[in-house]
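Read through the structure below, which is laid out as structure tokens, and then see the notes.
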Amino acid sequence: MEGGSSVPAASRRLDVLDILRGLAIVGTFGTNVWIFTNPAGPPDALASLPSLDSLAGAVETAIRFVFNGKALALLTLLFGVGLELQYRSARRRGNRWPGWYLWRAGLLFCEGLLHYVLVFEFDVLMGYAVASMVVAYLVGRSDRAVRWWMVGAGTLHVAFISLLTLGLLATPPEVKEQPLVAPSRPDLFSHGGYAEQVADRLALAPAYRSESVLIMPLCIVLFLAGSRLLRAGAFEDSTRGATVRRRLMTLGFGVGLPLNVLTTFAGPDWSLVDRYLLPPLVALGLLGLVTTVTYRTRDARRAGGPLRRGFIAVGRTSLSCYVLQNLVASVLCYGWGLGLASRLDGLRPWWVPGAWLGICALFTVLATWWLRRFERGPLELVWHWAYQAPQRGRARVASASAVGGTVDEARVQVRESSLASSTVSSAAGSASRRSSGMGRPERTDRP
């Protein structure tokens, strides 16, 4: 243990992961908030990006740049770290892998499906669930096999994004202005009802779910990268960990960040490269930077700061905070709620960062308050119960079978003991009768 810290290494590592996860959740909403505050809602988010011709457009572009794609990539990397930890836990306990992890992934898919239908068009949980089922069979394979999978999936992802970008560059401007998704009514999100939005999500699922299909190869790459970074010691408070993190920061900030700045201000035609190709590199740099800073500020005075505690709380309740932020934004911005998106459209983009900050502060305070009373977040508690339910059922059946077998064995033993006792009693009675002459007379007419 370095630095004279008395905190166990495993505990410090988990704090780092929670802080990173909390930052990713806050950053994810930093991207999604622009969708909620758009009066046209998610359909317009697929085609409409701010113009650089005005001050407001340039400011919005700069603010979006901070989180766009980077938080998603960081969250995906951390999901891969979590998958690796699940794999290690199963191997340590001698459990079959992937075994119950597939049930875990199935539950995540169901949660993502409910979140998509009831709350938000661009849910990521469903895509994560499908990708995790694939990676679950890869995480335990050799480093060489994993590298080949990463190269193959990465090449496929780069090819997809490159072809789509070439298509955007070749598309006439009048065609680009057409919305990619046509809702049932133009004012669905500014004046439509909640039930109408749910019906549209069901009807337009192929379009809204296209992002999950598009980033599937990227999810596989980042899941495996997160797993291998954990094995490489990237989260260790050690010399080895510091070396790995320096390399990540060099790649992320020395290569990824400058290119990402260029694509951000290059115009809408480069939007796919700007969101799905370069941000994963920047996310690697962020992972290295945040982990390094966390370890360097772990003394008693700074470790207990409200910002650090807040990120840890959000990280530990990440599923609940992810759903809550989208639900609160829907209530505030859509027509069936307060309708702020249309009411404050003239103040865009200036009011949007305030909405982001206020909602983030809300779920951070709630997460901190909740964890003082419960071990897990509210959705995490429900999810854990659902995950454990079939295992408890099988355990009860196994226990009942074991108890039943023990009872049967006991009955056999009692029966055998009774027979033995009867035999002994009969033998003793016969001997007694013979000794007292009460038994049958002994024959003397032997040949």
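The values are calculated or read from the model by the stated rules, or taken from the named source; none is laboratory data. Small disclaimer: the values here were computed from a predicted structure and weren't measured. Neighbour counts are summed over all protein chains in view; Cβ atoms, including those assigned to glycine, are modelled from backbone coordinates with ideal geometry.
Taking Val151, is it within 27 Å of Ile35 (Cβ to Cβ), assigned to a helix (DSSP H, G or I) and of a type outside the set (Phe, Trp, Tyr)? It would help to see each step written out before you state the result.
On the way: within 27 Å of Ile35 (Cβ to Cβ): no; assigned to a helix (DSSP H, G or I): yes; of a type outside the set (Phe, Trp, Tyr): yes.
No.
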Go through (1) at pLDDT 95 or above; (2) within 30 Å of Asp200 (Cβ to Cβ); (3) crowded, with 19+ Cβ neighbours inside 10 Å one by one and return the number of the condition Val135 breaks. (2)
Keeping to the range 181-206, report how many residues are in a helix (DSSP H, G or I), buried (at least 17 other Cβ atoms within 10 Å of the Cβ) and in contact (Cβ under 8 Å) with a residue 40 or more places away in the chain. 5
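Within the range 92-103, can one find any residue that is part of a helix (DSSP H, G or I), touching a Gly at 6+ places or on another chain (Cβ under 9 Å) and surrounded by 16 or more Cβ atoms within 10 Å (Cβ to Cβ)? I'd like the intermediate steps shown before the answer.
Here is the first cut: in the range 92-103, the residues part of a helix (DSSP H, G or I) are 92-93, 101-103.
Narrowing the set further to residues that are touching a Gly at 6+ places or on another chain (Cβ under 9 Å) leaves none.
No, because not a single residue in the range 92-103 is part of a helix (DSSP H, G or I), touching a Gly at 6+ places or on another chain (Cβ under 9 Å) and surrounded by 16 or more Cβ atoms within 10 Å (Cβ to Cβ).
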Determine whether the range 38-59 contains at least one residue that is more than 20 Å from Lys176 (Cα to Cα) and crowded, with 20+ Cβ neighbours inside 10 Å. no
Which numbered condition in (1) assigned to a helix (DSSP H, G or I); (2) in contact (Cβ under 8 Å) with a residue 12 or more places away in the chain is the only one that Ala145 fails? (2)
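Residues are listed down the side, and each one gets a yes or a no for (1) assigned by TED's automatic domain parsing to the domain that holds Leu74; (2) under 14 Å from Leu75 (Cβ atoms); (3) not small (Gly, Ala, Ser):
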position: Leu278; (1), (2), (3): yes, no, yes
position: Leu284; (1), (2), (3): yes, yes, yes
position: Val290; (1), (2), (3): yes, yes, yes
position: Gly305; (1), (2), (3): yes, no, no
position: Ser318; (1), (2), (3): yes, yes, no
position: Gly346; (1), (2), (3): yes, no, no
position: Pro349; (1), (2), (3): yes, no, yes
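When only residues in the range 148-173 that are of a type in the set (Phe, Trp, Tyr) and free of Cβ contacts under 8 Å to residues at least 60 places away in the same chain count, which is surrounded by the most Cβ atoms within 10 Å (Cβ to Cβ)? Lay out the reasoning, then the answer.
The first filter runs over the range 148-173 and keeps only residues of a type in the set (Phe, Trp, Tyr), leaving 148-149, 160.
Add one more test, that the residue is free of Cβ contacts under 8 Å to residues at least 60 places away in the same chain, and what stays is 148, 160.
Details: Trp148: 13, Phe160: 19.
Among those residues, the one meeting the criterion is Phe160.
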